[in-house]
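Peer 1: Quick one: this structure, given as structure tokens, is what I'll be asking you about.
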Amino acid sequence: GTAPLSWLQKKEIAEGTARGLHFLHCIASTPIIHGDVKSANILLDRHFEPKLGDFGLSRDGRIEADTDEKSPLIASHVKGTLAYLPPEFITNKILSTKLDVYSFGIVLLEIGTGLRAYLDSRSPPGLADYCYSAKNSSKNSRWIEALMDKRTPPADNKAGITQWFDGLICLGLQCVEKDRLVRPSFPEIVLVLAELSTKFDSTP
């Protein structure tokens, strides 16, 4: 089997994927919505640089205003992978850049925990709910130890990685907020990940 990813590789995959989605959403006058962001569609080259694959569900969106739009874009039908899709898309087919933000949030939680997006035998089965309940039911920082990917090799800068992991999970949970207008945009996500990167590199 393949060796587990290091914390540094995980960090770079998170940052590289965020940059790719930021590019899609911001490069043109109207954003391109990928529509199927999931870990299986993040392809790694031999240097572990992430590339977004499978644009089969991508479509043109529109800039999402801070206030709720009176007439949001509506998709003709729900496509994508259910575990990565936000409630407003599954229920009302509302299509916005915040769909990709939600999916990316699930990917961030997967990167940090090494757990699957959805697992029937887990309680709760959805990863966002699972991380949320673990974070809220643990005292102090015990939830960090409970959720950190156990297969990832230990590193020298444990304190820095713990701080980075804390921020990563918090960002992931912000991205999967049920209200799409509360979720951050990709320019904000890229900035937060850059800020977290400085914690990762810090030594005690």
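Peer 1: Scanning the range 137-152 for residues that are in contact with a helix residue (DSSP H, G or I) (Cβ under 8 Å, 6 or more places away or on another chain) and not hydrophobic (A, V, I, L, M, F, W, C), which turns out surrounded by the fewest Cβ atoms within 10 Å (Cβ to Cβ)? Reasoning before the result, please.
Peer 2: So in the range 137-152, the residues in contact with a helix residue (DSSP H, G or I) (Cβ under 8 Å, 6 or more places away or on another chain) come out as 137-138, 141, 143-144, 146-149, 152.
Cutting the leftovers down to not hydrophobic (A, V, I, L, M, F, W, C) gives us 137-138, 141, 149, 152.
Working: Ser137: 10, Ser138: 14, Ser141: 12, Asp149: 16, Thr152: 19.
Filtering the range 137-152 for residues that are in contact with a helix residue (DSSP H, G or I) (Cβ under 8 Å, 6 or more places away or on another chain) and not hydrophobic (A, V, I, L, M, F, W, C), the one surrounded by the fewest Cβ atoms within 10 Å (Cβ to Cβ) comes out as Ser137.
Peer 1: Can you tell me which residues in the range 17-71 are polar (S, T, N, Q) and either at pLDDT below 90 or touching a Lys or Arg at 6+ places or on another chain (Cβ under 8 Å) (or both)? Spell out how you get there, then give the answer.
Peer 2: As a first pass, look at the range 17-71 and keep what is polar (S, T, N, Q): 17, 29-30, 39, 41, 58, 67, 71.
Of everything in the range 17-71, those that are polar (S, T, N, Q) and either at pLDDT below 90 or touching a Lys or Arg at 6+ places or on another chain (Cβ under 8 Å) (or both) turn out to be Ser29, Thr30, Ser58, Thr67, Ser71.
Peer 1: Output yes when any residue across the range 73-90 is of a type in the set (Gly, Ala, Ser), more than 30 Å from Pro154 (Cβ to Cβ), crowded, with 17+ Cβ neighbours inside 10 Å and touching a residue at least 60 places away in the same chain (Cβ under 8 Å), and no when none is.
Peer 2: The initial filter retains those residues of the range 73-90 that are of a type in the set (Gly, Ala, Ser), namely 75-76, 80, 83.
When the remaining residues are screened for being more than 30 Å from Pro154 (Cβ to Cβ), the result is 75-76, 80.
Next cut, crowded, with 17+ Cβ neighbours inside 10 Å only: 75, 80.
Then drop every residue that is not touching a residue at least 60 places away in the same chain (Cβ under 8 Å), which leaves none.
Checked against the condition, which is being of a type in the set (Gly, Ala, Ser), more than 30 Å from Pro154 (Cβ to Cβ), crowded, with 17+ Cβ neighbours inside 10 Å and touching a residue at least 60 places away in the same chain (Cβ under 8 Å), the range 73-90 yields no hits at all.
Each row is one residue, and each column tells you yes or no for (1) over 18 Å from the mean Cα position of the chain (by Cα); (2) hydrophobic (A, V, I, L, M, F, W, C).
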position: Ile94; (1), (2): yes, yes
position: Leu115; (1), (2): no, yes
position: Cys131; (1), (2): no, yes
position: Glu145; (1), (2): yes, no
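Peer 1: Could you tell me which numbered condition Leu115 fails, if it satisfies all but one of (1) farther than 21 Å from Pro184 by Cα; (2) in a helix (DSSP H, G or I); (3) at pLDDT 95 or above?
Peer 2: Only one criterion is unmet by Leu115, namely (2).
Peer 1: Check Ala194 against each of (1) in a loop (DSSP other than H, G, I, E, B); (2) modelled with pLDDT of 95 or more; (3) under 28 Å from Lys51 (Cβ atoms) and name the one condition it does not meet.
Peer 2: (1)
Peer 1: Just one of Lys135, Lys150, Lys199 is modelled with pLDDT under 95 and either in contact with a Leu (Cβ under 6 Å, 6 or more places away or on another chain) or under 30 Å from Leu95 (Cβ atoms) (or both); which is it?
Peer 2: On the way: Lys150 fails: either in contact with a Leu (Cβ under 6 Å, 6 or more places away or on another chain) or under 30 Å from Leu95 (Cβ atoms) (or both); Lys199 fails: either in contact with a Leu (Cβ under 6 Å, 6 or more places away or on another chain) or under 30 Å from Leu95 (Cβ atoms) (or both).
Testing whether each residue is modelled with pLDDT under 95 and either in contact with a Leu (Cβ under 6 Å, 6 or more places away or on another chain) or under 30 Å from Leu95 (Cβ atoms) (or both) leaves just Lys135.
Peer 1: Mind checking which residues of the range 153-173 are within 23 Å of Ser133 (Cα to Cα) and in contact with a helix residue (DSSP H, G or I) (Cβ under 7 Å, 6 or more places away or on another chain)? Let's see the steps before the verdict.
Peer 2: So in the range 153-173, the residues within 23 Å of Ser133 (Cα to Cα) come out as 161-173.
Correct list: Ile161, Thr162, Gln163, Trp164, Phe165, Asp166, Gly167, Leu168, Ile169, Leu171, Gly172, Leu173.
Peer 1: I'd like the residue in the range 153-167 that is assigned to a loop (DSSP other than H, G, I, E, B) and loosely packed, with under 14 Cβ neighbours inside 10 Å and, out of all such residues, is modelled with the lowest pLDDT. Outline the logic, then answer.
Peer 2: In the first step, residues of the range 153-167 are kept if they are assigned to a loop (DSSP other than H, G, I, E, B); the result is 153-157.
With loosely packed, with under 14 Cβ neighbours inside 10 Å added as a condition, the list becomes 153-156.
Values: Pro153: 93, Pro154: 88, Ala155: 84, Asp156: 81.
Taking the candidates together, the pick is Asp156.
Peer 1: Something else now. Taking the range 98-123 as the region of interest, how many residues are crowded, with 23+ Cβ neighbours inside 10 Å and within 22 Å of Val78 (Cα to Cα)?
Peer 2: 10
Peer 1: Can you list residue pairs whose Cβ atoms sit under 7 Å apart, with the first residue in the range 129-141 being without any contact (Cβ under 8 Å) to a residue 60 or more places away in the chain and the second being surrounded by 13 or more Cβ atoms within 10 Å (Cβ to Cβ) and aromatic (Phe, Trp, Tyr)? Count only pairs 6 or more apart in sequence or on different chains.
Peer 2: Ala134/Trp143; Lys135/Trp143
The values are calculated or read from the model by the stated rules, or taken from the named source; none is laboratory data. Everything numeric in this text was worked out from a predicted model, so none of it was measured. Backbone-built Cβ (ideal geometry, glycine too); neighbour counts: all protein chains shown.
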